[in-house]
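Chemist: Dropping a structure here in structure tokens format, bear with me for questions.
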Amino acid sequence: MIKSMTGFSSISREDERATVAVTIRSVNHRYLDLQVRSPQSLAAIEGDVRTLVAKRVARGRVELSVSLQLRQVAGVDVELNEAFAQALEAALAQARERGIVSGTLTPGDLLRMPQAITIRDRQPADDETTQQAVAAQAREAVAQALVALDAMRSREGDQLRADLDNRRAIVANLVERISAAADEGRAAMEQRIADRVRELRTELQADETAVAQEIVRMAARSDISEEVERFRGHVSHWAALAESAEPCGRKLDFLLQEMNREVNTMGSKADGLRVSDLIIAAKAELEKMREQVQNVE
């Protein structure tokens, strides 16, 4: 199956406890490179998130971001440092006895001293039940975001396949034309050699059978039938890979290397007036296919 490695999805889910938002971006990469950003309170689910991504994505650089906004109002814990307050009261009592200060210690005095009172926010997620519920909500949001990402990558993959199938047909046609031009060139070369031999026949005494065999050997050096047949096999293999359910980007890339090698060999062996132009056109199309395949998962 041909899927693009490029995709984007954004999902937001909320309930009475919290709002969870998940954003996923993916681009081309040789392997699966996953980066996860999430709040510290959701650190426990990172392993599950990586497992979910690995089930959906085989290759690509994936950036997954999870944000959490709790909907419950945070409580407040206020703690009095009794030891400090008692020591402070004793010191003030001594100061009053000496006439240094007057009056008593007020709550306002304590609030102005950070050592006396500690105020902490109490988050609802500190409750184990709430933590588990929010974590489950985050997992579900990630799973849904991955489904949306996969759908986008599949849609772009369909467009890639349409373009690649079109170019594959063009290259296959060019190779058939190269084969026909090479056959014409080989026949013309045999004729030229035979004519030259007849011209030299009055000057040289040669065995007719040996001359004919040499002509055949020379013509065989320009025979590209094996390369053409292997190229046809690569084209068929391409179609099979594109139809399979497994990711095929790396295999298609390797197959293109083999196809390009066969075309290069045809260019070095074949003889004919039109062969060079056809070889250049075929290599240009293969290069365009190679660039597109870099986007295939």
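Chemist: Just to be sure I understand the filter: pairs with C-beta atoms under 8 Å, separated by 6 or more residues or on different chains, first member in region 230-244 and more than 23 Å from residue 265 (Cα to Cα), second member open to solvent by less than 60 Å² (accessible area, probe 1.4 Å) and of a type in the set (A, V, I, L, M, F, W, C). Which pairs pass?
Modeler: Every condition considered, the pairs that remain are 241/248; 241/252; 241/255; 242/2; 242/164; 242/248; 242/252.
Chemist: Taking into account only those residues within region 14-29 that are at pLDDT below 90 and touching a helix residue (DSSP H, G or I) at 6+ places or on another chain (Cβ under 9 Å), which is farthest from residue 143 (Cα to Cα)? Before you say what the answer is, go through the steps one by one.
Modeler: Step one: list which residues in region 14-29 are at pLDDT below 90, which gives 14-18.
The next check asks that each one be touching a helix residue (DSSP H, G or I) at 6+ places or on another chain (Cβ under 9 Å); those that pass are 14-15, 17-18.
Numbers: 14: 15, 15: 17, 17: 19, 18: 17 Å.
Looking at the filtered set, the residue picked out is 17.
Chemist: Could you name every one of the helices (runs of 4 or more DSSP H) located completely within region 26-145 that has at least 2 residues being of a type in the set (Lys, Arg) and open to solvent by 60 Å² or more (accessible area, probe 1.4 Å)?
Modeler: Numbers: elements: 46-56, 82-97, 107-111.
It comes to 46-56.
Chemist: Report whether or not residue 143 is within 27 Å of residue 70 (Cβ to Cβ) and hydrophobic (A, V, I, L, M, F, W, C). It would help to see each step written out before you state the result.
Modeler: On the way: within 27 Å of residue 70 (Cβ to Cβ): yes; hydrophobic (A, V, I, L, M, F, W, C): yes.
So residue 143 fits the description; yes.
Chemist: Quick one: count up the residues across region 271-297 that are open to solvent by 10 Å² or more (accessible area, probe 1.4 Å), assigned to a helix (DSSP H, G or I) and under 30 Å from residue 26 (Cβ atoms).
Modeler: Qualifying residue count for the region: 7.
Chemist: Ok, one more. Among 231, 254, which is in a helix (DSSP H, G or I) and touching a helix residue (DSSP H, G or I) at 6+ places or on another chain (Cβ under 9 Å)? Step through it out loud before you land on a result.
Modeler: Working: 254 fails: touching a helix residue (DSSP H, G or I) at 6+ places or on another chain (Cβ under 9 Å).
231 is the lone residue from the list that is in a helix (DSSP H, G or I) and touching a helix residue (DSSP H, G or I) at 6+ places or on another chain (Cβ under 9 Å).
Chemist: Listed residues 172, 162; which is open to solvent by less than 50 Å² (accessible area, probe 1.4 Å) and in a helix (DSSP H, G or I)? Spell out the reasoning first.
Modeler: On the way: 162 fails: open to solvent by less than 50 Å² (accessible area, probe 1.4 Å).
Answer to the selection: 172.
Chemist: Also, quick follow-up: If residue 157 satisfies every condition in (1) at pLDDT below 95; (2) more than 19 Å from the chain's Cα centre (by Cα) but one, which is the exception?
Modeler: With (1) at pLDDT below 95; (2) more than 19 Å from the chain's Cα centre (by Cα) applied to residue 157, the lone miss is (2).
Chemist: Is it true that some residue in region 229-247 is polar (S, T, N, Q), over 30 Å from residue 62 (Cα atoms) and open to solvent by 40 Å² or more (accessible area, probe 1.4 Å)? Walk me through it before giving the result.
Modeler: Restricting attention to region 229-247, the residues satisfying the condition of being polar (S, T, N, Q) are 236, 244.
Now narrow it down to the ones that are over 30 Å from residue 62 (Cα atoms): 236.
With the extra rule that they be open to solvent by 40 Å² or more (accessible area, probe 1.4 Å), the set shrinks to 236.
Yes, some residue in region 229-247 is polar (S, T, N, Q), over 30 Å from residue 62 (Cα atoms) and open to solvent by 40 Å² or more (accessible area, probe 1.4 Å).
The values are calculated or read from the model by the stated rules, or taken from the named source; none is laboratory data. Fair warning: this is a prediction, and the values are worked out from it, not measured in the lab. All Cβ positions, even for glycine, are placed from backbone atoms using ideal geometry, and neighbour counts span all protein chains on display. In case anyone asks, the SASA skips ligands and DNA or RNA and just uses the protein heavy atoms, side chains included. Shrake-Rupley method; radii C 1.70, N 1.55, O 1.52, S 1.80 Å.
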